[in-house]
1. From the set of residues in the range 100-122 that are under 22 Å from the mean Cα position of the chain (by Cα) and free of Cβ contacts under 8 Å to residues at least 60 places away in the same chain, which is farthest from VAL261 (Cα to Cα)?
2. Could you pull out the residue among VAL106, VAL131 that is within 30 Å of SER268 (Cα to Cα) and part of a helix (DSSP H, G or I)?
3. Scan the range 186-209 and tell me whether some residue there is part of a helix (DSSP H, G or I), open to solvent by 70 Å² or more (accessible area, probe 1.4 Å) and farther than 17 Å from THR101 by Cβ.
4. Kindly provide the set of residues from the range 51-74 that are in a helix (DSSP H, G or I) and either closer than 18 Å to GLN279 by Cα or touching a helix residue (DSSP H, G or I) at 6+ places or on another chain (Cβ under 8 Å) (or both), ordered by number.
5. Just a yes or no: is a residue in the range 275-294 closer than 30 Å to LEU173 by Cα, open to solvent by 60 Å² or more (accessible area, probe 1.4 Å) and of a type outside the set (A, V, I, L, M, F, W, C)?
6. Would the range 223-241 turn up any residue that is under 21 Å from the mean Cα position of the chain (by Cα) and within 22 Å of LEU107 (Cα to Cα)?
7. Which residue out of LEU169, LEU143, LEU183 is open to solvent by less than 60 Å² (accessible area, probe 1.4 Å), touching a residue at least 40 places away in the same chain (Cβ under 8 Å), out of contact with any strand residue (DSSP E or B) (no Cβ under 6 Å at 6 or more places or on another chain) and not β-branched (Val, Ile, Thr)?
8. Kindly provide the set of residues from the range 133-150 that are of a type outside the set (S, T, N, Q) and farther than 16 Å from PHE194 by Cβ, ordered by number.
Amino acid sequence: MGMTMALPAGVPAHRWRRRASDLLYTRRGLLLLALLTPPLLWFGVVYVGALLVLLANAFFGLDDFTGQVVREFTLKNFVALTEGANIDVALRTIIMAAAVTLASIVLAFPLAYYMARHARGAGKAALYLAVMLPLWSSYLVRLYAWKLLLAKEGAVSWLAAEVHLSWALEALLSLPGIGGQSLSFSTLGTFIVFVYLWLPFMVLPIQAAIERIPGSLIEASGDLGAGPSTTLRRVILPLAMPGIAAGSIFTFSLTLGDYIVPQVIGDSTMYIGQVVYLQQGTAGNVPSAAAFSLVPIVVIGVYLWFARRLGAFDAL
């Protein structure tokens, strides 16, 4: 009744609603604008706005006596990024992210191929469930479960002793750069947990890409005399590359920015996420943390550019 009173006299409310509906139907651009404006405003204010604030803080300094942010333009935070220790942290993180991505591709591709080409019915549903099930549990639960598995008295060490391979595990842990006191206090353990956590994000895009490959192309490759390895190299891999690139976006970026796994699994080796967390949370040096956090943003931006060239966004 209140809506009818607000309208001009003699014009029923349902006629105004019909006019508005006709206007939105005939002018699709207006409808699209009405639908996209709220999320775009949210994206622009929350995400882009936060990045701009972050960028602005990177150009500020910190008073050594009071510990307060000095809002005066300076480049000393970016100069500090060129120090040897900071370069080592950035390179270590990038190498770990690249290694996790490559290992995820190697492990995910056979499973994704089987799911796309051979699995049927209940078997395919079971494989989907097996891939997705870890994502339905808490991140921290899975992380601390792996800490128990990789501990010196954990299941992995027990299994190695049962099959008389303790010597191999000890030799692996003695290797410089990847070893440590146990798998739960080593770079190798950090790598294993990263691969486990992000593997589903690699399997699903590759599976979707392979499923879109017409079976006639694979049959034609065999009819022309190509063997299985040639067909895989010349037909399947190139056509599955968008899915591989799409999955690598997830594994690479998630590893690059994670700071919890290296704190729970691993030794005192520092990664970018840990440095940003310590600078901002413990030291209270927000400008330095803001400058360091721009490193993964730039790296991911370059990576996304290469992934786009490979057609990754066609498989997302």
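The values are calculated or read from the model by the stated rules, or taken from the named source; none is laboratory data. The structure presented is a predicted model; accordingly, all values stated were derived computationally and were not measured. Positions of Cβ are generated from backbone atoms using ideal geometry, with glycine treated the same way; all protein chains shown enter the neighbour counts. Note: accessible area is taken over every heavy atom of the protein model, side chains too, but ligands, DNA and RNA are not part of it. Shrake-Rupley method; radii C 1.70, N 1.55, O 1.52, S 1.80 Å.
1. Narrowing the range 100-122 to residues under 22 Å from the mean Cα position of the chain (by Cα): 100-113.
Subset that is free of Cβ contacts under 8 Å to residues at least 60 places away in the same chain: 102, 106, 110.
Details: LEU102: 19, VAL106: 22, PRO110: 27 Å.
Within the range 100-122, the match that is farthest from VAL261 (Cα to Cα) is PRO110.
2. On the way: VAL131 fails: within 30 Å of SER268 (Cα to Cα).
Only one candidate qualifies: VAL106.
3. Of the range 186-209, the ones part of a helix (DSSP H, G or I) are 187-209.
Still in the running and open to solvent by 70 Å² or more (accessible area, probe 1.4 Å): 196.
Add one more test, that the residue is farther than 17 Å from THR101 by Cβ, and what stays is none.
There is no residue in the range 186-209 that is part of a helix (DSSP H, G or I), open to solvent by 70 Å² or more (accessible area, probe 1.4 Å) and farther than 17 Å from THR101 by Cβ.
4. First, the residues of the range 51-74 that are in a helix (DSSP H, G or I): 51-58.
Those that are in a helix (DSSP H, G or I) and either closer than 18 Å to GLN279 by Cα or touching a helix residue (DSSP H, G or I) at 6+ places or on another chain (Cβ under 8 Å) (or both): LEU51, VAL53, LEU54, LEU55, ALA56, ASN57, ALA58.
5. Within the range 275-294, the first condition is being closer than 30 Å to LEU173 by Cα, and the residues that meet it are 275-278.
Now drop any that are not open to solvent by 60 Å² or more (accessible area, probe 1.4 Å), which leaves 277-278.
In the following step, the residues that additionally are of a type outside the set (A, V, I, L, M, F, W, C) were identified as 277.
Checked the range 275-294: at least one residue is closer than 30 Å to LEU173 by Cα, open to solvent by 60 Å² or more (accessible area, probe 1.4 Å) and of a type outside the set (A, V, I, L, M, F, W, C).
6. Residues of the range 223-241 under 21 Å from the mean Cα position of the chain (by Cα): 240-241.
Imposing the further condition that a residue be within 22 Å of LEU107 (Cα to Cα) reduces the set to 240-241.
Yes: the range 223-241 contains one or more residues that are under 21 Å from the mean Cα position of the chain (by Cα) and within 22 Å of LEU107 (Cα to Cα).
7. On the way: LEU169 fails: touching a residue at least 40 places away in the same chain (Cβ under 8 Å); LEU183 fails: touching a residue at least 40 places away in the same chain (Cβ under 8 Å).
Criteria check complete, one pass: LEU143.
8. Step one: of the range 133-150, the residues of a type outside the set (S, T, N, Q) are 133-136, 139-150.
The answer is LEU133, TRP136, VAL141, LEU148.
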